[in-house]
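Enquirer: Okay, here's the structure, questions in a sec.
The values are calculated or read from the model by the stated rules, or taken from the named source; none is laboratory data. Note that the structure is a prediction, hence the values are computed from the model and not measured. No Cβ is skipped: glycine too gets one built from the backbone with ideal geometry, and neighbour counts run over all protein chains shown.
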Amino acid sequence: MTPALKHMRRAAGYLAILLVTSFLIFVLIEAAPGDPAEIMLGTSAQLDTVAALRAELGLDRPMLVRYASWIGGVFTGDLGASYTYGTPVGELIADRLAVTVPLTLFATFLAICISLPLGVWAGARPGAVTDGLATIFAQFGIAVPNFWIGLLLILFLSLGLGWFPAGGFPGWGEGLGKAVSALILPAIALAIPQAAVLTRVTRAAVIEVAHEDFVRTARAKGLGRNRALWLHTVPNALLPVVTMLGLQIPFLISGAVLVENVFTLPGIGTLAYQALSQRDLIVVQNVVLMFAIIVIVVNLIVDGLYAILDPRLRTHK
Amino acid sequence: MKRIPLNLWLGGLISFLLVGSAILSRFWTPEDPIKMNILNRLKGPGDAGLLGADQIGRDVFSMIMAGGWTSLGIAVTATIVGGSIGTLIGVTAAAKSGAFEKVSGWVNSVLFAFPPILSAILLGALLGPGGLTSIIAIGVFMIPVFTRISRGAAMQIWSRDYIKAAKMSGKGQALITVEHILPNISAQLLVQFAIQTGLGILAEAGLSFLGMGIAPPTPSWGRMLADAQTYIGTAPHLVLAPGIAIALAVLGLNLLGDGLRDLSDPRRKQAS
Amino acid sequence: MLSIKDLRVSFQQSTGALTEVVHGISLDLDRGETLGIVGESGSGKSVLSLATMGLLPRTAQASGQILFEGQDLLKAPEKQMCGLRGRKIGMIFQEPMSALNPAMTVGAQIAEGLRLHNGLSKSDARAETLRLLEMVQIPNAAQRIDSYPHEMSGGQRQRVGIAIAIALKPDLLIADEPTTALDVTVQAEILDILDDLVAELGISLILISHDLGVIARIADRTLVMYRGDEMEHGDTEQVLRHPRHDYTRKLLAAMPRRALKSLDQTGGEKPHA
């Protein structure tokens, strides 16, 4: 099979997964108690008013038709209107993504900046003091809930030292500096557990690759220990690290919901959470689908990254 | 005499204390963990009980003990349920391969897209918040993990010669799975059980922090933190105790899992 | 040029105990000479070569002397060894499959040493790499230079391994089982390339092998090792024709008959010439 065909097949597989996932979401939300029209109009509304609104929202159509029209809307960008706010769900989500996407990217960037040197440093000399310190960081970082890290950061750095705002988001219109400083603490809180996991994986991968023959070949060419480590061992150790980065995405998203809550950031997690408490089910439905899409798209990107990191996966025999 | 690895005895000790205090909380706590005592409102450690009192004067230490039961109960139940389903799918996929394996791979990919908080948001819409929602949301997340682990481990056993011999002698797949595969992968499953229970505790804390977990007044570590957030400026001690409890519990279970793995497979010790 | 005196190497076990695996080996090598070291696996021959390169694992301890151009390599600081490795002493490894970095083009792997030691510019290094690939007889070198190891056959990879080792025209080349992992048909080609290049460039060669046929083909002198001890040491022809030691006789007897015949032809007294 040619690589192009393989990628297409994989993409088709992911698309099928998305369809199944979306159907599952749809059915679950359908089964949820509470009629949207009744929620919108309140319990005192007349029966015929409710019926009229149901018709207007298209809720009286058969389930499969409604599912199809929802999926069609996903492709055209028309996701319907929020039951509570009346604003288009698409706009609502886009607004909130402007906070969540920078936040998660920032956190991932921080996590890589922490874990890569730490993991390589630890893996280069297993059993040394540095290895011990990195291992302790990894064990604690994995065990500590990110929302608690967020609370501690607020306690010490915001309330204690007053370095950062304790929460809220001024919006990107208020200037880059203010917006970024509002994201720093949440990003750290989100990054630490990620960094811990990645440190562990990096360390293990470096230890394994360091025993490979080609590292010895590099040393035999006259490369010093560090040069061989960074030019030969590390590039070959990145594959499992990238895999783990992909596997961590669901955790990153869960984490974002929690951390946004701690720092009262108007992100997608807060939106989902608020929508749930207001029973704005159409928002819940779309947000959850969007999360699933993000997970799957990131997995596709990770697949593509493999090919860059490992030339063996790029060409075919 | 094998030396007991540091992580095993440290993890074992913490896990033992966690389970012990959780069980003890069913029979005895210093104070009633749900009893208000407005006179003790927001008092610090030592002034009211070992760890102080919360915004309505409940004893924090007692709440930590009782919250341990909640966390552990939900995490263990979810891991047992999700782990059993996942293992069943995994060993079946290893035995049958072919179409079943493919389908189970797909199911996993779908489930994988649903981290506990997302499932809980969805399920919350359906069932409302509560212990059951938490258990299902966390359990669903455990399924793909156990499927992957058990399938991989089972496939390794299937390729052994004595399994081929058993096949030749006419034993069915189910019988071989029960007689040979499951006993041989049980060590790996036990290791995973400890680690996943730790993750379950983290997830439960997250859910109850968001108010999607077990309903009040049943104490839970996540809800304690959510309440503490309101009083973070005036009573910072309320933030510390539940967080440390969560972190220690997860750390202990992780160390226990790692330690068990080192013990059962010393070869992996250096690399893991 | 190279003189090893009473080399002993021990490894630290996980229990802390030391196990000696090379028990006092001595040998001398002149410029342009080829020395074969023969022995079965576990005889300590690879440890000997790694000791010379200064690439023994951390758990190993070496004593004795390895004098290279008068300098004791066992006492040389790491920085100095880095300057010697590749530039003065090259090495070819056994497994062409795993001895090359899978994530780097072969051209970049050959050029790496050139750029490191000689400070060549990118384009100069590439031109020199191309020349080296042609020297080791890689067909279509201009295209293969940008190939990755997995796109090459075992024999081609080992040619790349040779190109890496001779890139800086070292004075000494150590080849540790360079043909063992290869198909029999390719083995002879690789040995010929190695033999020609060593002669052409005036490189001293230490050829390590478990295969007497390989040794017989190109070694001037042969050292037979068994479990870290020297069994026999002398002119290759002498050692193979008139073995003085039982162990050498056993090695000879263990060779397939066909190989023995070819031994007669190559190591023999000017056979049908």
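Enquirer: State all residues of region B:73-93 that are out of contact with any Pro (no Cβ under 8 Å at 6 or more places or on another chain) and either acidic (Asp, Glu) or crowded, with 23+ Cβ neighbours inside 10 Å (or both); if no residue qualifies, say none.
Expert: Residues satisfying the conditions are B:Ile74, B:Ala75, B:Ala78, B:Thr79, B:Gly82, B:Gly83, B:Thr87, B:Ile89, B:Gly90, B:Val91, B:Ala93.
Enquirer: Shifting gears a bit: Working only within region B:230-259, note down all residues that are under 16 Å from the mean Cα position of the chain (by Cα) and touching a residue at least 60 places away in the same chain (Cβ under 8 Å).
Expert: B:Ala245, B:Ile246, B:Leu248, B:Ala249, B:Leu251, B:Gly252, B:Leu253, B:Asn254, B:Leu255, B:Leu256, B:Gly257, B:Asp258
Enquirer: Which of the following residues is among the polar types (S, T, N, Q) and buried (at least 18 other Cβ atoms within 10 Å of the Cβ): B:Ser169, B:Ser119?
Expert: B:Ser119
Enquirer: Sticking with this one: Pick from region C:71-86 the residues that are in a loop (DSSP other than H, G, I, E, B) and within 21 Å of the chain's Cα centre (by Cα): which of them is nearest to the other protein chains (Cβ to nearest Cβ)?
Expert: Only one residue tops the list, namely C:Gly86.
Enquirer: Do you know which residues across region A:1-52 are within 24 Å of A:Ser82 (Cβ to Cβ), β-branched (Val, Ile, Thr) and within 14 Å of another protein chain (Cβ to nearest Cβ)?
Expert: A:Thr21, A:Ile25, A:Val27, A:Ile29, A:Ile39
Enquirer: Can I ask one more? Among the candidates C:Thr185, C:Thr179, which residue alone is surrounded by 23 or more Cβ atoms within 10 Å (Cβ to Cβ), on the phi < 0 side of the Ramachandran plot and without any contact (Cβ under 8 Å) to a residue 40 or more places away in the chain?
Expert: Answer to the selection: C:Thr179.
Enquirer: For residues in region A:300-310 being of a type in the set (A, V, I, L, M), over 26 Å from A:Phe75 (Cβ atoms) and in contact with a helix residue (DSSP H, G or I) (Cβ under 7 Å, 6 or more places away or on another chain), which is nearest to the other protein chains (Cβ to nearest Cβ)?
Expert: Step by step, filter region A:300-310, then rank; the result is A:Leu309.
Enquirer: Read through the list (1) modelled with pLDDT under 85; (2) assigned to a helix (DSSP H, G or I), then give the number of the only condition that A:Gly90 fails.
Expert: (1)
Enquirer: Every residue in region C:123-154 that is within 14 Å of another protein chain (Cβ to nearest Cβ) and either in contact (Cβ under 8 Å) with a residue 40 or more places away in the chain or touching a His at 6+ places or on another chain (Cβ under 7 Å) (or both), please.
Expert: Listed by number, the residues that qualify are C:Asp146, C:Ser147, C:Tyr148, C:Pro149, C:His150, C:Met152, C:Gly154.
Enquirer: Still on this structure: Assess whether A:Leu185 counts as being more than 14 Å from chain C (Cβ to nearest Cβ), touching a Leu at 6+ places or on another chain (Cβ under 9 Å), within 22 Å of B:Ala228 (Cα to Cα) and crowded, with 16+ Cβ neighbours inside 10 Å.
Expert: Considered against the rule, which asks whether it is more than 14 Å from chain C (Cβ to nearest Cβ), touching a Leu at 6+ places or on another chain (Cβ under 9 Å), within 22 Å of B:Ala228 (Cα to Cα) and crowded, with 16+ Cβ neighbours inside 10 Å, A:Leu185 comes out as yes.
Enquirer: Taking A:Pro170, is it in a loop (DSSP other than H, G, I, E, B) and under 24 Å from the mean Cα position of the chain (by Cα)?
Expert: yes
Enquirer: A follow-up question, please. Restricting to region A:67-87, name every residue that is of a type outside the set (S, T, N, Q) and either assigned to a loop (DSSP other than H, G, I, E, B) or in contact with a helix residue (DSSP H, G or I) (Cβ under 8 Å, 6 or more places away or on another chain) (or both).
Expert: Answer for region A:67-87, where residues must be of a type outside the set (S, T, N, Q) and either assigned to a loop (DSSP other than H, G, I, E, B) or in contact with a helix residue (DSSP H, G or I) (Cβ under 8 Å, 6 or more places away or on another chain) (or both): A:Tyr67, A:Trp70, A:Ile71, A:Val74, A:Gly77, A:Asp78, A:Leu79, A:Gly80, A:Ala81, A:Tyr83, A:Tyr85, A:Gly86.
Enquirer: Here is a further query. Contact list please: Cβ distance under 8 Å, first residue in region C:87-100 and facing chain A (nearest Cβ under 8 Å), second residue of a type in the set (Lys, Arg), pairs at least six apart or on different chains.
Expert: Taking only residues 6 or more apart or on different chains, the pairs are C:Met91/C:Arg85; C:Phe93/A:Arg216; C:Ala99/A:Arg216; C:Ala99/C:Arg157; C:Leu100/C:Arg157.
Enquirer: Could I ask something else about it? With the requirement that a residue be within 23 Å of the chain's Cα centre (by Cα) and outside any loop (DSSP other than H, G, I, E, B), what does region B:19-54 give you?
Expert: Listed by number, the residues that qualify are B:Val19, B:Gly20, B:Ser21, B:Ala22, B:Ile23, B:Leu24.
One line per residue, one yes/no per condition, for (1) of a type in the set (S, T, N, Q); (2) within 14 Å of chain A (Cβ to nearest Cβ); (3) over 28 Å from A:Ala12 (Cβ atoms):
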site: B:Thr87; (1), (2), (3): yes, no, yes
site: B:Asn108; (1), (2), (3): yes, yes, no
site: B:Ser119; (1), (2), (3): yes, yes, no
site: B:Ala125; (1), (2), (3): no, yes, yes
site: B:Pro144; (1), (2), (3): no, yes, no
site: B:Ala174; (1), (2), (3): no, no, yes
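Enquirer: Counting only residues that are charged (D, E, K, R), within 15 Å of the chain's Cα centre (by Cα) and in a loop (DSSP other than H, G, I, E, B), how many does region C:188-237 have?
Expert: Going through region C:188-237 one residue at a time, the tally reaches 2.
Enquirer: Considering only residues that are more than 8 Å from chain C (Cβ to nearest Cβ) and not aliphatic (A, V, I, L, M), which ones fall in region A:201-217?
Expert: Selection gives A:Thr202, A:Arg203, A:Glu208, A:His211.
Enquirer: Let me ask you something else. Enumerate the helices (runs of 4 or more DSSP H) found wholly within region C:99-164, keeping only those where 3 or more residues are under 24 Å from the mean Cα position of the chain (by Cα).
Expert: C:106-118, C:122-135
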